[in-house]
Amino acid sequence: MLVVPFSFSGFYRWACMFGSDSDPNDATSDDRDQSSLPVGDSSPLAKQRRVKRRSRAVNQLPVDNRARQGGWLFLVALAVFFMAGMVLYGLYAFTRWDTIQRQTPLPGSLLISTALLLVISLMTHLATRSVRRDRIAATSVLLLSSVLLAILFTVLQCQAIHEMLLAMADGRGTGVGIFGMVISLVVLHALHVLGGVIALGIVGALNTLGRYDHERHWPIDFSATYWHFLDLVWLIMLGIFWATSGGFSI
């Protein structure tokens, strides 16, 4: 469970980088002062300003590269976390394979939320293509619409959790703890979905303000990648749930 706050702190640091795209054409006061220095000026002040200028030039372009590396490390950490959780769940369910409670069906709302997640993944992908064509308005519509669908996804997940808790209270699916572990995994996934909702909202707002275009769009790309990741993880979880329970109630 210690991985959860760690992952959210990493997600927060990643979200803080959304507005950090640097424009290499921006001129600072040091750059303007540098341009006023005579060519060949070897004074200590001139050397100091040249060093600052070279350091700034180096740091401007690789901003996206550093953020991209951090983003992929974040996804790898999440993948290991979810994989460990699903392996533990699979082992636990296998040891309780012959119990009657294992035949209890899971809520059908999980399937409906899956369809929403697929639509969100598609819309974020379309947003990455739209921003590359400088269609800022269309990109904002896609991102903010994805936020609304993600909120609906979360609501459906909460409804499914509520149904499973009621089933446990009625004595169905409770004896072996299968429902309890399903609820734990669903909640963990939903928490990361909530983080994705916040990130999409930030990216959508910044895009509306004109912060991204066909050259600077890495935050939108990574938002789409993050939702593709959540989509893949959820499909794997859903397959494991189906194989270790009584299917889904329609």
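The values are calculated or read from the model by the stated rules, or taken from the named source; none is laboratory data. Being a predicted model, the structure only gives us computed values, none of them experimental. With ideal geometry, Cβ positions are generated from the backbone for all residues, glycine too; neighbour counts draw on all protein chains shown. Side chains are part of the model used for accessible areas, which takes the heavy atoms of the whole protein and leaves out ligands, DNA and RNA. Shrake-Rupley method; radii C 1.70, N 1.55, O 1.52, S 1.80 Å.
Some points to look at:
- The slack in the chain from residue 141 to residue 165, taken as 0.36 nm per residue of separation less the alpha-carbon distance, amounts to 5.0 nm.
- R0 of 22 Å, Cβ-Cβ distance residue 72-residue 95: FRET efficiency to nearest 0.05: 0.05
- Extension gain (nm, one decimal) between residue 214 and residue 249, 0.36 nm per residue minus Cα-Cα: 8.1 nm
- Taking all protein chains as shown and a probe of 1.4 angstrom, residue 235 keeps an accessible surface of around 80 Å².
- Annotation: extensible slack from residue 148 through residue 194 equals 15.4 nm (criterion: 0.36 nm per residue apart, minus Cα-Cα distance).
- Accessible surface for residue 221 stands near 30 Å², nearest 10, in the context of the full protein assembly shown (1.4 Å probe).
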